[in-house]
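Let me begin by presenting the structure, written as structure tokens, before commenting on it.
The values are calculated or read from the model by the stated rules, or taken from the named source; none is laboratory data. Keep in mind the model is a prediction, meaning the values are calculated, not measured. Don't worry about glycine lacking a Cβ; one is built from the backbone with ideal geometry, like all the others, and counts go over all protein chains shown. Surface areas here come from the heavy atoms of the whole protein model, side chains and all, with no ligands, DNA or RNA. Shrake-Rupley method; radii C 1.70, N 1.55, O 1.52, S 1.80 Å.
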Amino acid sequence: MSPRTPRRVRRPGPKPARPALRDVLALGAVGLRARRARAALSALGIAIGIATMVAVIGVSHSSTSDLMARLDRLGTNLLTVEAGEERDGTPVKLPKSAVAMVERIGPVQQATATGHVDARIRRSDLVPEERAPGVTAQAARTDLLAALNAEMARGTWLNSANERLPVTVLGSVAARRLGVTAPGEKIRMGDEYVVVVGILAPVELVPTLDRVALVGFPAARTYFGFDGHPTMIFERSPDATVEDVRAVLARTVSPGAEHGVKVSRPSDALAAKAATDEGLTALMLGLGAVALLVGAVGVANTMIVSVLERRREIGLRRALGATRNAIRIQFLTESLLLSAVGGAAGAAIGSAATLGFARFQGWTAVIPPWSLAGGVGATLLVGALAGLYPAVRASRLHPTVALNAM
């Protein structure tokens, strides 16, 4: 028997060296530098989407922060009691002692009131009654300004020295409608001329007071036949007791006729506005996501065209020993860089837009760090998804086919 021929053992060749991260980034940037106009337009789509999302989040948080600051300043512990109608349509009259009755509720810290005055407001006798400017008259207690945390824009508030005189304080809208710009001017209230002693700044918690002319309770009884019954009561109590006080207010001010009394919390309107802003923010974020998706499609299209144009380059690299994995990494890196450039530009544009809009509105700009981090993360995800198919397609090109491509 012939001796057996020894079997030749194949030894695995050396594994291809992994390129350094710096080399991978440099190689991925080659395609972008060679086609700068196309890369800029593709990155623009990503930038628009990220800028929209960052700006929407920033403006929303700035608005909410300003609203919460206003609520803290104005207080959320104000309740109002308004006279309405009974179930049969009969108007409800709050007792003259309603404010004193409310003050007897244990947690109540402040209570005041206004009352309707039946007097038509005009600038002068020369203005026909049928062309009245839509300003109503109300009697007010001297402690109303402090209870509402309201401020005077010009002039002085009603006080113990003038509450019995024919003088008035106008709301901001009322003053504008009447053409009154400074204290000292006179307006016609019913059959009497009254002197404007002050103009209120806008009352954020009770905006209905912006459209009224306020006179003191004693003056309203003396000059305009006011019956002394309040039509709206304002009450403040500690935040922890607001709901408890709210539960007993109607029965306290109108025993037996509480169904004709409306109790409300003015700060709820501002809180509802914050909720509305959140809904609008979600809608705008959706539009930003659509813009980002369009940008991703643009990046994918750019990468596919790049693969088709660079088949000879791919074939040459494969012939020189580049592996499929190296080709995939090259084009995937190119897609990630393209998206990252767009994302960085979008984050900068969105931040600048937020700062500019907040400054214009007089807000403190708030740009959550997570919105910037989320924007960068979204661009990298978009870049990976948009570049995956072109990268795989490039890696599957056979060297001979790629080199023979025109």
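Points worth noting:
- Modelled spin labels at Ala69 and Arg312, positioned 7 Å past Cα toward Cβ, are 6.2 nm from each other.
- The accessible-area ordering, largest first, of the residues Asp66, Asp210 stands as Asp66, Asp210, per a 1.4 angstrom probe.
- Loop-resident sites, the stretch 42-140, for GluC sites (Glu not before Pro), counting at most 16 other Cβ within 10 Å (DSSP): Glu86
- Using the Cβ-Cβ distance between Glu86 and Asp227 with R0 set to 25 Å, the FRET efficiency works out to roughly 0.85.
- Debye log10 I(q)/I(0) for the stretch 202-259, one point scatterer per Cα, at q = 0.14, 0.18, 0.21 Å⁻¹: -0.62, -0.91, -1.03
- Cut-off 18 Å (backbone N to label point 7 Å along Cα→Cβ of Arg154), residues of the stretch 166-184: 167-184
- Label positions at Leu285 and Asn325, each projected 7 Å from the Cα along the C-beta direction, are separated by 3.8 nm.
- Of the peptides 149-161, 167-179, the ranking by mean beta-carbon count within 10 Å, highest at the top, reads 167-179, 149-161.
- Cα gyration tensor, the stretch 135-203 - rounded (a/c under 1.5), prolate or oblate: oblate
- The stretch 282-406: C-alpha gyration tensor shape, a/c 1.5 cut-off, then a/b vs b/c: prolate
- Of the peptides 36-46, 336-346, the ranking by mean beta-carbon count within 10 Å, highest at the top, reads 336-346, 36-46.
- Dipole axis of the stretch 101-255 (+1 Lys, Arg; -1 Asp, Glu on Cβ), positive-most option in Leu178, Thr168, His116: Leu178
- Quotient of the Cα radius of gyration of the stretch 37-104 and 2.2 N^0.38 Å, N being its number of residues: 2.40.
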